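Here is the structure we will look at, set down as structure tokens.
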Amino acid sequence: EYMALMQAATRHCRKKNNNDNHNNNRNHSNRAAAALVMERVLSDLAQDVLVPSRPCSQAIVAWFEAQNNNGNDPDTRATTKAESHHQEEEEIAQIQQLLQKIRNDQQEQQTTVPLDVPSMGPVVTAVKKAATNSLAPWIISHSCPIDTKTGTLLDGCLKGCSLRPVHIGEDTWKFMKQANETIVQKGGLEQHTSQFQGGKKGKKRPRHTNRNEKEERLAKWKQLQDFLQNYAPFDVVIDGANVGYYQTNFEGAPRHLDYHQVDWMIQHLATTKTKEQDGRRVLVFLHERHLRQAPRDYQGVIQSWRNAGQLYVTPAGMNDDWFWLQAALQWKCLVVTNDEMRDHFFQMLAPRSFVSWKERHQVRFSFGEWTGSPSLPSRAKHNPRRARQVLLDFPEAYSRRIQRVQALSSNHEKYGDRKLSLTARTGLVIPLPKRGDENRFLDGKHVETDETAPSEEFYLCICPST
């Protein structure tokens, strides 16, 4: 849908009437109106689609190429009559009102969380060449490499610019915490009228109507809230069930989770040094049934988690996801899980906020080669099995999504036959698909399967020349 809207705006921008003064003004009005639509669509696209497909990126390029062609046409330099100028202002005002109405409708139909959508504009340049009075062209750089440690672009018209991490405002944090609490306490948000839970988990379960069950549910949730208030924030929370059941779906596998895997994760995070500290404060969340199901051989390691203050047991009849999610939101800390949490952002009705939070705070994991006991923490040496390497995929220093960037350098450099002032450079950066890309869209399903796609990160960069 976004791509179709951008293509329509580009076609509208290219429309030309007869080359007289009145129609020239009409052309200018068409382009101004199309630019409003393009800027709005591009801004929403940046929120909803982390990495656009190649055809979508080509549609963005087509818009800016159309601007370059139109910038050299005589009709863009026509003198606007006062009457035509007034008509143009009225038409643009009407389009702005319609776009705002769409945004307001989205707000009412979805959530009460503020729809803070940073603008990806401007999408037309206001700079003119002195010699010809025509608009300065856009420079488009394809396949620009990046330093994945710093997020700094290494080539192209925006070389030296750095991508930033997506910002999560306090209103968003507050809303997500309140939404999760409402789902737990009341069974869902009032605006959530779907009969399904989301995440392919089927229809919603009946809400608790028994007064005693409801009171017990609220009391258990109150215990969590008191815990979060009374304890200093942890650095990492762990979805214990997700870690414990990792790769255990094989013939003959025990029905209980793998407690060794949970212990390896806890010990790795708690003992691995970071720049700020010797180890992280770790808290693992496990449903009480996993402790009841644990064979006797594992009781010792579970007790060691209790003794170290690293275990929170979630009660029967309640989803353990609610608990570790609330802790992660309250403490604004990292969460270790491979769970896509599609049901949660479906029920919260705030997919943009949820995807941004996941991008900046979710740590994905896997387990690597087996290691010998001498390299294990002291309490793990006596485990009957060897340990496996813990492999963690932490959030990047920057967000791999469409964004505007600005250079801070005061140098000048030559790019082709156009000179760019680095001090004034701002431009648009669009990530290109790479092989194996996953979770690029809100549904979390899209996977880049094209074997011709590069395995490294590359970006499309667009900025106006001076």
Do any trypsin sites (Lys or Arg not before Pro) in the stretch 219-291 lie in a loop, going by DSSP, with at most 16 other beta-carbon atoms within 10 Å of their beta carbon, and if so which?
255, 273, 275
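Given +1 on the Cβ of Lys and Arg, -1 on the Cβ of Asp and Glu, and no further charges, what dipole in debye does the stretch 257-306 carry about its Cα centre, rounded to the nearest 20?
Details: 8 positive and 6 negative charges, 27 e Å.
Using only the charged Cβ atoms, the result is roughly 120 debye.
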At a probe size of 1.4 Å, how large is the accessible area of residue 400, to the nearest 10 Å²?
50 Å²
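Taking K and R as +1 and D and E as -1, what net charge do the other residues with C-beta under 14 Å from the C-beta of residue 62 add up to?
Details: positive: 11, 14, 54; negative: 65.
For residues surrounding residue 62, the net value is +2.
At a threshold of 8 angstrom on Cα-Cα distance, excluding pairs fewer than six apart, so keeping six or more, what relative contact order does the stretch 199-325 reach in percent?
Working: 109 pairs, mean separation 31.7, N = 127.
For the stretch 199-325, the relative contact order is 25 percent.
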Any chance you could check the Cα centroid distance between the stretch 143-159 and the stretch 212-281 for me, in angstrom?
37 Å
Expressed in square angstrom to the nearest 10, the accessible area of residue 250 with a 1.4 Å probe stands at 120 Å²
Sort 269, 5, 36 by accessible area with a 1.4 Å probe, largest first.
5, 36, 269
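Provide 260, 167 ordered by accessible surface of protein heavy atoms (probe 1.4 Å), highest first. Numbers along the way, then the final one.
Details: 260 15, 167 150 Å².
Heavy-atom accessible area, descending, gives 167, 260.
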Counting only protein heavy atoms and a 1.4 Å probe, tell me what percentage of the stretch 290-340's accessible area is made up of carbon and sulfur.
43 percent
Here is the link list: 174/220; 220/275; 177/203. Which ones come out longer than 27 Å on Cα distance?
220/275
Two-site FRET efficiency, residue 210 against residue 170, from Cβ-Cβ distance with R₀ of 30 Å, rounded to 0.05:
0.20
If I model a spin label as a point 7 Å beyond the Cα along the Cα-Cβ vector, how far apart are those points for residue 293 and residue 32 in nm?
6.5 nm
In order through the stretch 47-58: 3J(HN,Hα) via Karplus (6.51 cos²θ - 1.76 cosθ + 1.60), integer Hz, x for Gly, Pro:
7, 9, 10, 5, 10, x, 5, 4, x, 5, 5, 5
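The values are calculated or read from the model by the stated rules, or taken from the named source; none is laboratory data. If you're wondering where the values come from, they're calculated on a predicted model, not measured in any experiment. Every residue, glycine as well, gets a Cβ built from its backbone with ideal geometry; the counts of neighbours run over all protein chains shown. All accessible areas refer to the heavy atoms of the entire protein, side chains included, with ligands and DNA or RNA removed. Shrake-Rupley method; radii C 1.70, N 1.55, O 1.52, S 1.80 Å.
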